[in-house]
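Just so it is clear, none of the values below were taken in a lab; they were calculated from the coordinates. Bear in mind that the values here come from a model prediction, so they are computed numbers and not experimental data. Virtual Cβ from ideal backbone geometry, glycine too; neighbours counted across all protein chains shown.
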């Protein structure tokens with residue numbers, strides 16, 4: 001049978017690298033020519049070196065590497081660069097590695113042949129795009145990026161981490177870790193690694209993976225100032241949670257519970273009556289969505305009525321409640337035709353409550369979107385939530401005056417609105433009580449010295465009266481400003497950076 005031999009990195013000691021042609025690895029001598037695939041054997045490669053280049057027998061592998069980079073790479077640098085770019089695009093598009101050789105290269109040759117001619121199309125044959133090559137290129141780029149990120153983290157005096165453990169559709173549990181650190185006078189967010197949790201997903205398992213990464217790459221726990229996780233017991237447990245284990249390695253670390261997760265937990269705490277109605281509506285929707293026949297019948301029913309919408313959304317979808325509320329009349333008639341009186345009662349006896357739920361969840365959806373995005377920190381999230389709490393207070397005053405402009409679907413919902421407000425207000429106000437001593441971070445030039453911690457007050461007054469520093473503050477972001485103050489006002493800068501570095505959400 002015709003066996004195609006693969007190139008091994010060990011062959012560089014015989015002075016050979018690899019050149020790929022039509023998916024076949026060919027041994028390329030760093031001095032002279034390309035041999036056939038049948039010569040891809042250590043004995044034959046060594047024989048070529050002894051017969052053709054006996055003067056190189058005493059040379060080490062570094063010599064061959066230098067010849068490779070100086071001779072071969074210069075001739076094929078464009079082809080190699082193209083190969084890396086194609087591999088990068090494949091990884092970016094999340095396509096299978098075989099697509100380049102089976103589809104992309106063939107299409108490229110055909111286009112070049114028709115536009116530029118046969119000779120130009122043949123030049124594309126020097127580009128290595130086989131399945132193995134694309135995979136190798138992607139791994140090399142990934143490794144290079146990882147090394148660059150780790151090197152930048154090592155050079156940063158402080159850094160923070162964000163962890164998220166998730167299970168995908170194949171029931172594979174994965175741990176994703178991101179880092180935020182200082183580089184070139186600013187903050188930078190980067191993905192560090194993704195590891196599989198093969199067995200259990202306990203805090204000790206997560207800690208073992210993270211600690212192993214720190215040891216392999218020489219990262220110091222002392223420089224870690226913030227750890228952000230979700231609210232799972234394995235992450236936040238007071239006795240054996242991951243954040244508690246991190247505290248043993250880095251006592252000064254700031255532990256952060258994801259703001260979005262906290263907002264979601266707060267918004268799910270509904271008063272008894274509203275919670276009953278909410279669960280009843282979910283049952284109504286599931287009655288239709290869980291059965292393919294009901295889904296098809298309801299869609300046809302809506303089309304025959306000329307409705308603007310014809311599909312119900314599951315309660316896990318974004319804006320599910322407001323979209324389904326638009327179909328309440330169609331739902332009522334459809335359930336009446338099916339003689340489902342218990343489900344009809346949920347809709348007909350609680351129109352006012354449903355309208356209120358639509359309004360309040362729409363408001364919470366907007367808050368959720370504000371808490372998302374790149375580059376957010378504890379300070380920005382604290383400001384957003386404080387503004388939301390102030391709005392709640394304003395809405396209470398408006399409601400007392402029978403002004404419900406912020407609730408377009410509701411005519412009068414004062415009692416229920418106050419109950420909801422108290423539930424959310426009690427949970428979210430915990431954020432506001434934790435950072436009162438660091439209000440100077442937002443604008444040190446308008447903050448009263450009394451609100452600054454005593455050990456920082458004298459340095460704070462020096463900063464507040466530094467007019468040159470005021471110009472720097474007005475021309476840069478908060479992050480850049482406090483990083484630039486490391487040399488002039490080290491204590492203030494250290495406290496500010498320790499507060500700004502941690503991620504606010506996962």
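The table below lists the values:
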item: Neighbour-count order for 163, 114, 367, fewest beta carbons within 10 angstrom listed first; result: 114, 367, 163
item: Kirkwood-type radius of segment 177-224, with distances r between different C-alpha atoms, in Å; result: 12.3
item: Computed FRET value (nearest 0.05) for residue 85 with residue 223, which takes r as the C-beta separation and R₀ as 41 Å; result: 0.70
item: Ordering of 491-499, 88-96 by packing [mean C-beta count within 10 Å, highest first]; result: 491-499, 88-96
item: Sequence ranges 213-219, 139-145, ranked by mean other-Cβ count within 10 angstrom, highest first; result: 213-219, 139-145
item: Residue 471 versus residue 304: modelled label distance in nm, points set 7 Å from Cα along the beta carbon direction; result: 7.6
item: Semi-axes of the equivalent ellipsoid for segment 158-255, Cα gyration tensor, largest first, Å; result: 22, 16, 12
item: Length-normalised contact order of segment 158-255 in % [C-alpha pairs under 8 Å, at least 6 apart]; result: 26
item: Extension gain, residue 372 back to residue 111 (0.36 nm per residue minus Cα-Cα distance, nm); result: 89.6 nm
item: Two-decimal Rg/Rh across segment 436-500, once Rg and the Kirkwood Rh are taken from alpha-carbon atoms; result: 0.90
item: Estimated FRET transfer efficiency when R0 is 35 angstrom, pair residue 142-residue 247 (beta carbons, to 0.05); result: 0.65
item: Label-point separation, residue 4 to residue 196 (7 Å along Cα→Cβ), nm; result: 2.7
item: Cβ-based exposure ranking for 459, 342, 22, in which fewest neighbours within 10 Å come first; result: 22, 342, 459
